[in-house]
Amino acid sequence: MVVLALLTSCAYMQTHKNVGELGAYYNGHILDKKDLRVFHDATQHQWYINAREARFKLDYPIIYDSIFQRRDNNPSYRLVRMNSNFVYHPVSESTARVLMRSDGFSQLHVLAEEINRHDAGSWTSSPHFTKSYNVSATLDGDSTCSIPANRVPIRSPFVSKILKNIDFIVIDIPGTLAYNVAIPFVAPFVFFYEFSHDKS
């Protein structure tokens, strides 16, 4: 019962999640500020932006800690490969117009959200553009944005599930116990360290 309480606490080890991702990868795309352009297909009355195809690995933080670790506890997608050729995805005319305006403003993650609202099959490598335009709008935030899509394989093989469960029992449960037992002893040093650095 104590073990279950600790595993649902504010801090726990989760190496088993990374074990579950062994051998898996995610196909997707990368938006990049320095390469971004707007394209128009006048015959189809459609606007596009460009990106590169990419492959990602999903990484979980070894320890999930919502108290002491100020960094994001969410899993992150790590780029492992990116193609040099561009592919193109439709965007709304209003988005295209904003990107072309010198007083326009957007962020790559907002563009990624619009792309994710469309079918993933909307990407094309050989569109018929009438014109292309520079992005004149201010693009705030990160210089690149990942758009992960489908996992390969969709489901983990049986062996991975076994290894994941073994890791959870052998490493994560005792590790979580040890980490939570150490918190009361470590907490004063952490708070003193953060207080002294905030003052400087």
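The values are calculated or read from the model by the stated rules, or taken from the named source; none is laboratory data. What you are looking at is a predicted structure, and each value in this text was computed from that prediction instead of being measured. Virtual Cβ from ideal backbone geometry, glycine too; neighbours counted across all protein chains shown. Protein only, heavy atoms only, side chains kept; ligands, DNA and RNA dropped before computing areas. Shrake-Rupley method; radii C 1.70, N 1.55, O 1.52, S 1.80 Å.
Within region 91-139, list the trypsin sites (Lys or Arg not before Pro) lying in a DSSP loop whose Cβ has at most 15 other Cβ atoms in a 10 Å radius. List each step's numbers first, then the result.
Working: sites: Arg97, Arg101, Arg117, Lys131; in loops: Arg101, Arg117.
Here the sparse-neighbourhood loop sites are Arg101, Arg117.
Quick one: pull the percent of accessible area on the chain belonging to carbon and sulfur, 1.4 Å probe, ligands and nucleic acids left out.
On the way: 7270 of 12370 Å².
Looking at the chain in its full context, I get 59 percent from C and S.
In the Gaussian network model of the chain, springs joining C-alpha atoms below 10 Å, which of Pro174, Pro90, Pro148 carries the largest mean-square fluctuation?
Looking only at Pro174, Pro90, Pro148, the biggest GNM fluctuation is shown by Pro174.
Can you show me the helix-derived [θ] at 222 nm for the chain, built from DSSP H runs with n ≥ 4 at -39,500 (n - 2.57) apiece and divided by the number of residues, rounded to the nearest 500.
Values: 6 runs with 66 residues, N = 200.
Taking each H run of at least 4 residues, the total per residue is -10000 deg cm²/dmol.
Quick check: residue separation of Ser94 and Arg37 times 0.36 nm, minus the Cα distance between them. What number comes out in nm?
Details: separation 57, 0.36 × 57 = 20.52 nm, distance 1.48 nm.
Length gained between Ser94 and Arg37: 19.0 nm.
What length, rounded to one decimal in nm, is gained on full extension from Glu114 through to Val152, with 0.36 nm per residue of separation minus their alpha-carbon distance?
Numbers: separation 38, 0.36 × 38 = 13.68 nm, distance 2.36 nm.
So the extension gain works out to 11.3 nm.
Please go through region 110-172 and write out the chymotrypsin sites (Phe, Trp or Tyr not before Pro) that DSSP classes as loop and that have at most 10 other C-beta atoms within 10 Å.
none
Give the total of Lys-Lys pairs in the chain with Cα-Cα distances below 23 Å; include a pair only if its members are 8 or more places apart or on different chains. Intermediate results must be reported in sequence, preceding the final value.
Working: Lys17/Lys57; Lys17/Lys161; Lys17/Lys164; Lys33/Lys57; Lys33/Lys131; Lys34/Lys131; Lys57/Lys161; Lys57/Lys164.
Qualifying lysine pairs in the chain: 8.
Counting only C-alpha contacts under 8 Å and six or more residues apart, can you give the relative contact order of the chain as a whole percent?
Details: 346 pairs, mean separation 63.0, N = 200.
Across the chain, relative contact order equals 31 percent.
Spin-label point model (7 Å from Cα, Cβ direction): what's the Val159 to Arg81 distance in nm?
Calculated label separation equals 2.0 nm.
Skip the ligands, DNA and RNA, and give the accessible area per residue of the chain with a 1.4 Å probe, whole Å². Walk me through the numbers on the way to the answer.
Values: 12370 Å² over 200 residues.
It amounts to 62 Å² per residue over the chain.
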